[in-house]
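*Asks:* Before we start, here is the structure in question, set down as structure tokens.
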Amino acid sequence: MINQTDIYKIRDGIDVYLIGEEILQIYFMNTRKQIQFKANKFTVLLIECIDGKKSILDIKKKLEERIEKIIDIDAIKQVLLLLVQKGIIVENKQNVHSSYISDESKERYDRQINFFGDFLPGVVRKYEAQREIENSCILIFGCGAVGGWIATELAMCGVRNFILFDGDVVEKSDITRHIYYKEEFAGIPKLDALEASLAKINPKINITKYYQYLTPETLITNVIDKADFIINTADEPYIGHTSLKISRECISQKKAHYIAGGFDAHLASTGELIIPGLTPCVDCYADYFKEALKDWKPSPHPVKERHLEIGGLSSMSLLSASYAVIEIIKYIAGLTDFTNYSKSRGEFLFDTLDINYLDVKRDENCKTCGEIVYEKA
Amino acid sequence: MKKPKVRSSVSSVVHDINTIEFFLTNTRRQVIMKVPNQNVINLILSLDGTRGIDEICQEYELDILAKKNMINMLKFLERKNVIIDADKEWYKEDYQRFRRVLNFIEDYVSVYDEKIHAWNNIRSSHVVIVGLGAVGTWVTYQLAQSGVKKFTLIDADIVEITNLHRQIGFTLDDVGENKIDIVQRNLHEIDSEISVEKVYKYINESGIEEFAKEASLVINCADKPTVDQTTLWIGESCMKYGVPHIIAGGYNLHLSLIGQTILPFQSACVKCFETKLNEINKIDISNIRKLHIENRKIGSFGPLCAISASIAAMEAIKVLSKVILPANINRRGEFDIYSMNISYMDISHDDNCEWCGVNGKFC
């Protein structure tokens with residue numbers, strides 16, 4: 001319901017063009033979406049009056065001065081309602097954020113919240129999105145190159161609760177991989193280094209640390225139960241095994257998770273978002289590869305210690321991690337509708353800077369996820 | 001070649017006793033080779049870099065002719081980047097810390113001298129970063145982590161609380177400080193050997209000639225007053241001295257534009273881009289009016305900035321190595337957050353370019 005004392009504003013990140021006399025073209029800058037519709041002169045004048053300060057009554061007065069006619073306030077309300085429905089304007093309420101996030105968060109994440117606003121119509125959903133991020137508990141297995149970047153970027157977005165799993169120690173050669181690397185950290189546990197770095201980003205961050213490697217025996221049911229979203233970047237002993245273990249547990253608890261890093265992360269594999277009952281799970285992927293690679297039987301490599309010779313650039317891990325964080329935030333904050341989500345793993349090539357996606361479909365008969373029904377978060 | 005070794009990143013698949021396939025996992029290249037017999041396959045699959053040529057010959061009882069054939073085959077496999085000389089003497093100083101970068105570069109070179117050359121080029125390079133914001137901060141640390149030791153940073157801005165969600169390395173404690181000082185501090189924490197020249201200014205129409213002429217590469221991450229404007233100022237200074245430059249901050253409103261890489265006089269320059277884009281975007285604007293909107297605030301998102309920055313950093317390493325060909329010459333791209341795809345637009349060199357065309361002022 002629109003009241004005459006309400007104040008509206010054009011949503012941030014929108015450009016409005018008038019083509020000829022009566023076609024309005026709306027350009028949503030952040031998402032590059034465009035819509036066009038016919039509008040009469042009255043609507044154009046009205047849009048030009050919307051500034052986030054004037055109430056509807058004020059706008060009525062101003063319009064009446066301009067066209068020197070009495071205007072029916074219901075006509076104004078009608079146009080405004082249409083503009084609201086099209087996602088072009090929103091009510092500009094003061095302090096509407098305060099039921100969702102603190103003033104401090106409003107100030108710090110203002111531009112990000114505006115970014116969310118381009119995905120989410122209405123006045124409050126962008127603040128709800130930020131609240132979801134702040135309240136989520138994120139569990140990360142493996143806090144190396146990709147895991148460290150993901151944790152850092154999520155913390156920058158506002159995530160406050162982390163459970164981190166890693167048994168490794170910072171080495172001097174990690175200068176080329178870990179964003180949290182500092183010379184002074186060489187020799188200390190990676191989790192302590194990462195914690196110090198995250199605490200600087202946001203002193204309010206809570207971190208639970210498990211200084212251990214994932215093994216087939218590690219019990220993960222309880223720790224996954226505590227988390228809202230789970231990320232696996234643990235590639236020791238082998239990402240395929242850790243992912244199977246983690247993904248199966250997440251599927252049984254119906255929790256969305258992301259398998260990042262590992263495999264050919266130095267080639268910037270995008271990893272994959274797994275939503276139980278909607279996307280392929282790790283077992284679906286495993287079956288896909290089993291079939292796709294059935295004729296691929298490499299001979300044993302002559303070099304024994306070849307894991308020491310793996311190459312990679314930190315910018316490749318950054319790309320993988322940033323890709324993952326975009327998908328994770330879209331999911332947690334509900335920025336896009338995931339019902340028709342169909343992205344599977346992509347591979348980013350350093351040479352050509354292209355992403356090639358695999359076409360992996362969910363196996364309806366999958367022994368792990370086949371019977372799971374998708375539930376909207 | 002002293003001690004041949006199958007590269008670590010190579011997977012070998014024996015199809016039959018006469019065919020072996022090598023898959024170069026890092027560069028996604030494939031080499032299929034016909035061989036006379038199983039012995040040759042066994043020989044190749046034993047190349048672990050510990051034995052010299054003569055030792056291998058003895059082990060496989062090769063006569064002089066067979067030895068000659070083997071050496072030719074090894075040379076072929078070396079050229080195809082399947083095997084490499086395991087002699088690591090040349091980079092032992094850096095090897096411990098930077099082995100992942102070194103191993104990575106190794107996949108793009110086939111001969112010994114080229115390896116030394118590429119790594120030394122990166123290590124001795126001098127990179128100018130203009131603008132330490134949502135792209136410049138990420139790019140700078142990426143390059144430091146890949147071995148760049150000398151930077152000139154140009155920016156007059158101070159850290160604000162609204163920067164923290166998208167500009168890496170700034171914390172609450174840093175609000176109010178000069179961005180340059182904080183970036184320098186962070187670089188020194190990563191590697192105390194890094195040297196930083198600090199230029200506390202915003203660039204303007206006078207360009208950056210005095211800094212560009214000394215540089216191996218200039219990266220534009222500045223968007224004030226607009227990206228298009230800073231790009232022309234920087235492009236002009238770089239063209240004058242033939243310095244490669246990358247437009248990294250070319251994102252639209254802190255979004256996902258992937259800018260072009262310019263190798264002066266080898267690729268389209270920023271003036272070529274401007275001319276072609278103006279042609280493409282030439283629409284009848286006499287009929288179109290942009291409505292004025294009061295009190296607007298534009299959104300931005302850190303991970304999207306990081307995508308642009310990571311790609312700029314990859315291109316930078318390619319340019320600095322002088323061995324790997326950059327991909328974003330004559331094109332620029334966009335990363336779409338909905339489809340999660342990258343798309344590119346090709347822009348070719350303009351023969352009549354005011355700057356680098358036949359009668360261009362820099363030719």
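*Asks:* Using Cβ counts within 10 Å as a stand-in for footprinting exposure, how do B:Tyr112, A:Tyr100 rank, fewest first?
*Replies:* Taking fewest neighbouring Cβ atoms as first place, the list is B:Tyr112, A:Tyr100.
*Asks:* Let me ask something else. Using a 10 Å cut-off on Cβ to Cβ distances, tally the other chain neighbours for every residue of B:162-168 and report the average as a whole number.
*Replies:* 6
*Asks:* Counting other beta carbons within 10 Å of each Cβ, put A:Trp296, A:Trp149 in order, fewest first. The partial results should precede the final answer.
*Replies:* Working: A:Trp296 11, A:Trp149 31.
With the fewest neighbours first, A:Trp296, A:Trp149 line up as A:Trp296, A:Trp149.
*Asks:* Could you put B:Phe22, A:Phe289 in order, starting from the residue whose Cβ has the fewest other Cβ atoms within 10 Å?
*Replies:* Going from least to most buried by this count: A:Phe289, B:Phe22.
*Asks:* Calculate, for A:Lys69 and A:Val124, the FRET efficiency according to 1/(1 + (r/R0)^6) with r their C-beta to C-beta distance and R0 30 Å; round to the nearest 0.05. Before the final figure, lay out the partial values.
*Replies:* Numbers: r = 36 Å, r/R0 = 1.20.
The value I calculate is 0.25.
*Asks:* Within a 10 angstrom radius of each residue's Cβ in B:131-138, how many Cβ atoms of other chains show up on average? Whole number is fine.
*Replies:* Neighbouring Cβ atoms belonging to other protein chains average 1 per residue here.
*Asks:* Considering only DSSP states other than H, G, I, E and B, which GluC sites (Glu not before Pro) in the stretch A:26-112 qualify as loop sites with at most 16 other Cβ atoms within 10 Å? Present the calculation step by step, with values, prior to reporting the outcome.
*Replies:* Details: sites: A:Glu48, A:Glu64, A:Glu65, A:Glu68, A:Glu91, A:Glu104, A:Glu107; in loops: A:Glu68.
Filter output for the stretch A:26-112: A:Glu68.
*Asks:* Additional query: On average, how much area does the Cα convex hull of chain A cover when viewed from any direction, in nm²? Please list the in-between numbers first.
*Replies:* Values: hull surface 93.5 nm².
Result: 23.4 nm².
*Asks:* Additional query: Considering chain A as a Gaussian network with a 10 Å cut-off on Cα pairs, which listed residue, A:Phe350, A:Phe162, A:Phe185, attains the greatest mean-square fluctuation?
*Replies:* Answer for the Gaussian network model of chain A: A:Phe350.
*Asks:* Next question. With label points built 7 Å along Cα→Cβ from the Cα atoms of B:Ser124 and A:Ala186, find their separation and express it in nm.
*Replies:* So the label points at B:Ser124 and A:Ala186 sit 2.5 nm apart.
*Asks:* Right, here's the next one. For peptide B:100-110, how many partner chain Cβ atoms fall within 10 Å of a residue's Cβ, on average? Mind dumping the intermediate values first?
*Replies:* Details: counts 15, 8, 3, 8, 8, 2, 2, 3, 3, 0, 0.
Counting other chains' Cβ atoms within 10 Å and averaging over B:100-110 gives 5.
*Asks:* Assign one of three labels to the stretch B:1-117, namely rounded, prolate or oblate, based on the Cα gyration tensor with a ≥ b ≥ c the square roots of its eigenvalues; rounded applies when a/c is under 1.5, prolate when it is not and a/b is larger than b/c, and oblate otherwise.
*Replies:* Because a/c hits 1.5 or more and a/b fails to exceed b/c, the stretch B:1-117 counts as oblate.
*Asks:* Also: Taking only C-alpha pairs under 8 Å that are 6+ residues apart, what is the relative contact order of the stretch B:102-160 in percent?
*Replies:* RCO, the stretch B:102-160: 36 percent.
*Asks:* Enumerate by residue number the trypsin sites (Lys or Arg not before Pro) in the stretch A:200-249 meeting two conditions: DSSP loop (anything except H, G, I, E, B), and at most 16 other Cβ atoms within 10 Å of the site's Cβ. Write down the numbers at each step before the final one.
*Replies:* On the way: sites: A:Lys200, A:Lys204, A:Lys209, A:Lys226, A:Lys245, A:Arg248; in loops: A:Lys204.
Sites meeting the loop and neighbour criteria: A:Lys204.
*Asks:* Given a Förster distance of 25 angstrom, what is the FRET efficiency for B:Glu21 paired with B:Ser46, based on the Cβ-Cβ distance and rounded to 0.05?
*Replies:* For B:Glu21 and B:Ser46, the calculated efficiency is 0.90.
*Asks:* What residue among B:Tyr202, B:Gln38, B:Val270 has its Cα farthest toward the positive end of the dipole of chain B, where the charges are +1 on Lys, Arg and -1 on Asp, Glu, each on the Cβ?
*Replies:* About the Cα centre, the residue reaching furthest to the positive side is B:Gln38.
*Asks:* Remind me, relative contact order of the stretch A:1-154 in percent, using alpha carbon pairs under 8 angstrom and six or more residues apart?
*Replies:* After rounding, I find 24 percent.
*Asks:* Here is a further query. Where both partners of a DSSP beta bridge lie in the protein assembly as shown, what percent of those bridges are antiparallel, to the nearest 5?
*Replies:* 60
*Asks:* Zone of B:Asn281 (label point 7 Å along Cα→Cβ, backbone N under 20 Å): which residues in the stretch A:13-48?
*Replies:* A:13-20, A:25-35, by backbone N distance to the label point.
*Asks:* Please compare each pair in A:Lys294/A:Lys343; B:Lys240/B:Lys322; A:Lys77/A:Lys106; B:Lys2/B:Lys80; A:Lys53/A:Lys126; A:Lys255/A:Lys376 to a cut-off of 22 Å on the Cα-Cα distance and tell me which ones are over it.
*Replies:* Values: A:Lys294/A:Lys343 24 Å; B:Lys240/B:Lys322 20 Å; A:Lys77/A:Lys106 29 Å; B:Lys2/B:Lys80 17 Å; A:Lys53/A:Lys126 20 Å; A:Lys255/A:Lys376 11 Å.
The pairs that break the limit, which is 22 Å between Cα atoms, are A:Lys294/A:Lys343; A:Lys77/A:Lys106.
*Asks:* When you take every Cα atom in the stretch B:126-265, what is the radius of gyration, and what is Dmax, the widest Cα pair distance, in Å?
*Replies:* 14.0, 45
*Asks:* Additional query: Here are some pairs, A:Lys9/A:Lys62; A:Lys9/A:Lys41; A:Lys182/B:Lys115; B:Lys150/B:Lys213; A:Lys33/B:Lys201; which of them have Cα atoms lying more than 26 Å apart in this structure?
*Replies:* A:Lys182/B:Lys115; A:Lys33/B:Lys201
*Asks:* Next up: In deg cm²/dmol, rounded to 500, what helix-only [θ] at 222 nm does chain B give when every DSSP H run of at least 4 residues adds -39500 (n - 2.57) and the total is split over its residues?
*Replies:* One gets -11000 deg cm²/dmol as the mean residue ellipticity at 222 nm.
*Asks:* Calculate for chain A the 222 nm mean residue ellipticity that helices alone would give, adding -39,500 (n - 2.57) per DSSP H run of length 4 or more and normalising by residue count, nearest 500 deg cm²/dmol.
*Replies:* The per-residue figure over chain A is -11000 deg cm²/dmol.
*Asks:* Here is a follow-up. Fully extended, how many nm does the chain gain between A:Lys294 and A:Gln94 (0.36 nm per residue separation, minus their Cα-Cα distance)?
*Replies:* Full extension from A:Lys294 to A:Gln94 adds 65.9 nm.
*Asks:* Still on this structure: Take the Cα pairs of the protein assembly as shown, get the Kirkwood Rh, then feed it into Stokes-Einstein at 37 °C and 0.692 mPa s and tell me D in µm²/s. Don't skip to the answer; put the middle values down first.
*Replies:* Numbers: Rh = 27.9 Å.
Estimated via Stokes-Einstein, D reaches 117 µm²/s.
*Asks:* Right, something else. How large is the Rg to Rh ratio of chain B when both quantities use alpha carbon positions and Rh follows Kirkwood?
*Replies:* With Rg and the Kirkwood Rh in hand, the quotient comes to 1.07.
*Asks:* Could you tell me the distance between the Cα centroids of the stretch A:332-377 and the stretch B:262-277, to the nearest Å?
*Replies:* Here the two parts' Cα centres lie 38 Å apart.
*Asks:* Next question. Over the stretch A:8-91, what lengths in whole Å, largest first, do the semi-axes of the equivalent ellipsoid take, defined as the square roots of 5 times the eigenvalues of the alpha-carbon gyration tensor?
*Replies:* Largest first, the stretch A:8-91 gives 22, 14, 10 Å.
*Asks:* Then there is this: Quick one: pull the percentage of alpha-carbon pairs in the stretch B:282-363 with a separation above 17 Å.
*Replies:* Details: 2366 of 3321 pairs.
Above the 17 Å cut-off, the stretch B:282-363 has 71 percent of its Cα pairs.
*Asks:* Right, here's the next one. Cα-based Rg (one decimal) and Dmax (whole number) for the stretch B:80-162, in Å?
*Replies:* Cα only, the stretch B:80-162: 16.3, 51 Å (Rg, Dmax).
*Asks:* Still on this structure: Could you calculate, for the stretch A:136-357, the ratio of the Cα radius of gyration to the Kirkwood radius, expressed as Rg to Rh?
*Replies:* 0.95
*Asks:* Report the GluC sites (Glu not before Pro) located in the stretch B:1-77 that are in a DSSP loop and have at most 11 other Cβ atoms inside 10 Å of their Cβ, or state none.
*Replies:* Those satisfying the criteria are B:Glu61.
*Asks:* What's the center-to-center distance, using Cα atoms, between the stretch A:112-144 and the stretch A:35-66 in Å?
*Replies:* Cα centroid to Cα centroid, the span is 33 Å.
Throughout, read-outs are computed from the coordinates displayed, never taken from laboratory work. Fair warning: this is a prediction, and the values are worked out from it, not measured in the lab. FYI the Cβ positions are ideal-geometry reconstructions off the backbone, even for glycines, and counts take in every protein chain you see.
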